[in-house]
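In what follows, a structure is listed as structure tokens, so that the remarks can point back to it.
Values in this text are rule-based calculations from the coordinates and carry no lab data. Note that this is a predicted model, so its numbers are computed, not measured. Glycine also receives a Cβ, built like all others from the backbone with ideal geometry; neighbour counts cover every protein chain displayed.
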Amino acid sequence: MTAVDSAQRSRPQALDLGELATAVTAEVTGPRGRAPELSAVTESLRQRAAGEPYSSIAAAVGVTEKRAASWCRTAARLDKRFDAREAKVRKSTGASRTMLSARIEDDVIGLVHKRAHAEGRSVTSVVESALQSYVGRKVAGLETAVRRELRKNLRGELRDLAAAIGAARSELTKQGVNLNQLALFCNRYRELPGSITDELERTRQALDENRAAIEALHASVLARFETED
């Protein structure tokens, strides 16, 4: 064996994107599915190998970003030499982005880059996930204190509400008793009492006042909730 042969044997074989695209096409084509265009798969792999983002690949090839990412993930699975970093297409939230400047220790930056490479994501995506996980978490102590204070205030308001409802209910019971007595008198003596007109008028006035009190109570409860909103 010559030195040249040894050097050629130890040299890594170049990645043939055309052959890899053929293998990817066969892999992603199901028994009932339609095979993608080989040229589209090849161009997607070529642009991804050149570092193009999936938005550019999708626009150039005429497929969705998700489809292009799927081809690249399949290529990376079939041949480890193919770099499919950022093969996960992030869903657009429509939110505006702002440049954030911060001083971070070098070892933390190294961990971020390592995590991004391991998960096939961008550094920005990893940093955003970390910030959302920390900043968005609930602070149990503060929330507990707020809920306790709200319950304390609400307890008094509910007590007053229960008292008002009880008074309205008691008044309705009283007027119901008066009407029952009038009905018993009429059934027993087969005649109307002389004071029935005055009794009915007082009952009507009492019921009107009770209805007005209930409506005012209902309005105050609605106003309380509208204030909370």
- Query: Extension gain residue 14-residue 99, at 0.36 nm per residue separation less the Cα-Cα distance, in nm?
  - Reply: 26.7 nm
- Task: Please turn the phi angles of the stretch 160-166 into ³J(HN,Hα) values with the Karplus equation 6.51 cos²θ - 1.76 cosθ + 1.60 (θ = phi - 60°), one per residue in order, whole Hz, x for glycine and proline.
- Result: 5, 5, 5, 5, 5, 5, x
- Query: Per Stokes-Einstein, at 4 °C and 1.567 mPa s, what whole-number D in µm² s⁻¹ belongs to the stretch 143-228, with the Kirkwood radius over Cα pairs as the hydrodynamic radius?
  - Reply: 81
- Query: What nm value, rounded to one decimal, do you get for the distance between residue 112 and residue 188 when each label is placed 7 Å out toward the C-beta?
  - Reply: 9.1
- Note on the structure: So residue 132 and residue 52, fully extended at 0.36 nm per residue minus their Cα-Cα distance, gain in nm 26.1 nm
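If I take R0 = 41 Å and measure r between the Cβ atoms of residue 172 and residue 148 in this structure, what FRET efficiency does the formula 1/(1 + (r/R0)^6) give, to the nearest 0.05? Could you put the intermediate results ahead of the total?
Values: r = 36 Å, r/R0 = 0.89.
The calculated FRET efficiency here is 0.65.
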